[in-house]
1. Which ones in the stretch 258-276 are aliphatic (A, V, I, L, M) and either within 14 Å of ligand 1 (Cβ to nearest atom) or buried (at least 24 other Cβ atoms within 10 Å of the Cβ) (or both)?
2. Hey, any hits in the stretch 155-163 for a residue that's within 16 Å of ligand 2 (Cβ to nearest atom), surrounded by fewer than 19 Cβ atoms within 10 Å (Cβ to Cβ) and in contact (Cβ under 8 Å) with a residue 24 or more places away in the chain?
3. Within the stretch 43-88, can you find the residues that are surrounded by fewer than 20 Cβ atoms within 10 Å (Cβ to Cβ) and under 21 Å from the mean Cα position of the chain (by Cα)?
4. Could you tell me which residue of the stretch 112-165 is nearest to V18 (Cα to Cα), considering only residues that are within 15 Å of ligand 1 (Cβ to nearest atom) and assigned to a loop (DSSP other than H, G, I, E, B)?
5. Got a number for residues in the stretch 42-87 being polar (S, T, N, Q) and touching a helix residue (DSSP H, G or I) at 6+ places or on another chain (Cβ under 6 Å)?
6. Looking at K50, is it among the basic types (K, R) and not in a helix (DSSP H, G or I)?
7. Among the listed residues A257, A244, which satisfies the condition of being in a helix (DSSP H, G or I), touching a strand residue (DSSP E or B) at 6+ places or on another chain (Cβ under 6 Å), more than 30 Å from A26 (Cβ to Cβ) and in contact (Cβ under 8 Å) with a residue 40 or more places away in the chain?
8. Just checking, does the stretch 142-152 include any residue being within 16 Å of ligand 2 (Cβ to nearest atom) and under 23 Å from T8 (Cα atoms)?
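The values are calculated or read from the model by the stated rules, or taken from the named source; none is laboratory data. The shown structure was predicted, so the numbers you read here are calculated from the model rather than taken from an experiment. Note: ideal-geometry Cβ built from the backbone for every residue, glycine included; neighbour counts use all protein chains shown.
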Amino acid sequence: MYLLGIETSCDESSVAIVDAGKNLLAEVTASQEEVHQKFGGIVPELASRKHLESLLPAMKVCFEKADVSFADISAIAVTSRPGLIGSLMVGVMAAKTLGYALEVPVIPVNHLQAHLAAIELTTDVEFPLLGLIVSGGHTNLYIIDDNWKSFTLIGRTRDDAAGEAFDKGARLLDLGYPGGPAISRLAEKGNAKAVDFPRALPQKTVLDFSFSGLKTSLLYHLKKLPHKPEGKQLADICASYQEALVDALVRKTKQAAEQHKIKTVVVAGGVAANARLREKMQTGLGKNRRLLVPPIQHCTDNAAMVACLGTIKQQTEKAAVIEGRDIFKIAAKSVSEPAMC
Ligand code: KG4
Ligand code: ZN
């Protein structure tokens, strides 16, 4: 029997099928990048409408690729929070309708927890873990224990998320959306020491992040230039901006690992796709700590991570499973969460 995962919390309509051993049979993700690019960020109303168009065709292809039929599905896991409310509702309603029709349980999955648990698609882990989630809407440090049941928040951004800082920086530089991949591509050819951007909250005891000062510092740096940066100058700015972001993420993660004496660190979420972050995090944590980062396609939003955590929950927390016929429960839970991607 297989588990179907559905992810629609932001701008990817994604569907995946895994087996009981968390092996991925198929995954199909319809990206909305084209829809939102011209606006320089996600337009929530357009995102939910696009999910309506894309989700069921993606599901059809996913079943074909996995060579699995509806009758083989024993449970459905769906991202129920956090996310854009209209986008979440499309996925949750699809899951509940299918759950109702197939008479299988629907498992609500927290998107941030799923990002971190994506590591279980490829690697067995030992608890406790230190988890850093770096996405477009969140930058949080957690101590994770008890087979993904316990998440203790020990640090978070006080303003912008790391992905948001990449996206806002890219907007100031006219690099389009999403900003992270654009900045990191240009940064490859730049000098990371060219501009001395600030690293906020240097205090050792503080495990929080702050990126809004960095963004303002970029704004003032650009205002001082006689013309829009391009070529080597643009690459240098991107490399320096990325370096400041990465340094802050590495420093706080290392401090947290030291303070809480944790040997294994998982970094996940869209920004974990950043090559410089992966490289500096490994060096920063040192040889005695194990760094785990999901493969790039499972760092950004995807349904495989939802199916993976859904499988773990199904096997370990039977009580949390909401029956497919209980049509109102997940919707009520989703609505009570802040609409953050
Ligand atoms: O986790 P995710 O796909 O969606 C959310 O749940 O937010 O993360 C999206 C974020 C965006 O801000 C995007 O700019 C950033 O991840 N991102 C990157 C890279 N790839 C995606 N940031 C830095 N470097 C990358 N290579
Ligand atoms: Zn995400």
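1. The answer is V266, V267, A268, V271, A272, A273, A275.
2. Yes: the stretch 155-163 contains one or more residues that are within 16 Å of ligand 2 (Cβ to nearest atom), surrounded by fewer than 19 Cβ atoms within 10 Å (Cβ to Cβ) and in contact (Cβ under 8 Å) with a residue 24 or more places away in the chain.
3. V43, P44, E45, L46, S48, I85, G86
4. Of everything passing the filter in the stretch 112-165, S135 is nearest to V18 (Cα to Cα).
5. 4
6. Considered against the rule, which asks whether it is among the basic types (K, R) and not in a helix (DSSP H, G or I), K50 comes out as no.
7. A257
8. yes
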